[in-house]
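Peer 1: Would you mind keeping the following structure in view while I ask a few things?
Rule-based calculations on the coordinates, nothing more; no lab input. Keep in mind the model is a prediction, meaning the values are calculated, not measured. FYI the Cβ positions are ideal-geometry reconstructions off the backbone, even for glycines, and counts take in every protein chain you see.
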Amino acid sequence: MEGKTEAQRCLVTGANRGLGLELCRQLLARGDRVVAACRQPGKATALNTLAGEHPGRLHVTPLDVAEPKSHAALARELPLLTEGEPLDLLVNNAGVLRGGERYGSVQAADLETSFRTHALGPFLLVQTLTPQLADNARVANISSEIGSIGLRQEFRTPSYAIGKAAQNMATSLLAQALAPRGILVVALHPGWVRTDMGTDRAALSPQESARGLLQVIGGLQARDSGAFLDWQGQTLPW
Ligand SMILES: NC(=O)c1ccc[n+]([C@@H]2O[C@H](COP(=O)([O-])OP(=O)(O)OC[C@H]3O[C@@H](n4cnc5c(N)ncnc54)[C@H](OP(=O)(O)O)[C@@H]3O)[C@@H](O)[C@H]2O)c1
């Protein structure tokens, strides 16, 4: 949070590569404590190297966001990783994009994976971790403009688009549910970013996108909860 000087406790999902990894790097660089969750910590080489560089401030832990049992395991583990202190920031960053889908052959499995990863996962993870969120904490759901119904003008990546649109509704509902505790929940479009998902043709580096996202999160006010914003703080249509 802007103006807040003490170190925050943060949880980032899908933290082993791409934007998630860069968010962890920047949170550590500003002095925060980070729980970095990923599917296969044993294979998360870059993240484990980062943990070695920040002893005691970065904990790498397993999480498959699409699996509620994995959420429960994380909830049990979390107090050990945060010394029993609540989380100030939860970034639901994990995402998956199935390319090459064509109308006529869209697969149930791809729709289901997207829904579980982008909507069911973040929604139920937040619900499970709610007792471990600080009052006035922030929840940032990394969405995509591709999930904007208002901006859609072509048939493209349907599984991803439908999953992200559902995630946006989850964001809106979570904002309502958590408002009594002052917890702000937003959907954030990170821009088109040079990651495995965004490809090297993308406009933004992970560094630029993560810097923008953290600035937007830091500047959130109560009135912003439930909003759909991009990495520069501009409001996007649902
Ligand atoms: N890059 C862009 O241009 C762009 C644009 C708009 C929105 N976004 C959003 O930004 C977020 C980060 O994307 P990115 O560009 O960094 O993508 P990325 O490089 O493909 O990384 C995706 C991350 O999500 C993780 N993940 C996927 N499914 C998971 C699951 N079930 N449980 C836990 N982790 C899972 C991956 O882990 P594994 O290594 O285990 O697969 C990986 O760490 C996503 O939500 C994406 O939709 C990206």
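Peer 1: Could you list log10 I(q)/I(0) for the chain at q = 0.08, 0.09 Å⁻¹, which the Debye formula gives when each Cα is one point scatterer?
Peer 2: The Cα Debye sum returns log10 ratios of -0.26, -0.33.
Peer 1: Using the Cα atoms as the points, what is the convex hull volume per residue of region 106-237 in Å³?
Peer 2: Value for region 106-237: 113 Å³ per residue.
Peer 1: Follow-up. Quick one: Cα centre-to-centre distance for region 15-35 and region 112-158, in angstrom?
Peer 2: 19
Peer 1: Rounded to the nearest 5, what % of the DSSP beta bridges within the chain are antiparallel ones?
Peer 2: So the antiparallel bridges amount to about 5 percent of the total.
Peer 1: Just in region 24-67: which trypsin sites (Lys or Arg not before Pro) are loop by DSSP and have at most 16 other Cβ atoms within 10 Å?
Peer 2: For trypsin sites (Lys or Arg not before Pro) across region 24-67 that sit outside H, G, I, E and B with at most 16 neighbouring Cβ atoms in 10 Å, the list reads Arg30, Arg57.
Peer 1: Still on this structure, please answer the following. Quote the FRET efficiency, to the nearest 0.05, computed for Ile149 versus Ala179 with a Förster distance R0 of 22 Å and r equal to the Cβ-Cβ distance.
Peer 2: 0.40
Peer 1: Separate question: Quote the relative contact order of region 9-230 in percent (integer), defining contacts as alpha-carbon pairs under 8 Å separated by 6+ residues.
Peer 2: 19
Peer 1: With runs of 4+ DSSP H residues as the only contributors, calculate the mean residue ellipticity of the chain at 222 nm using -39,500 (n - 2.57) per run, divided by the residue total and rounded to the nearest 500.
Peer 2: -11000 deg cm²/dmol
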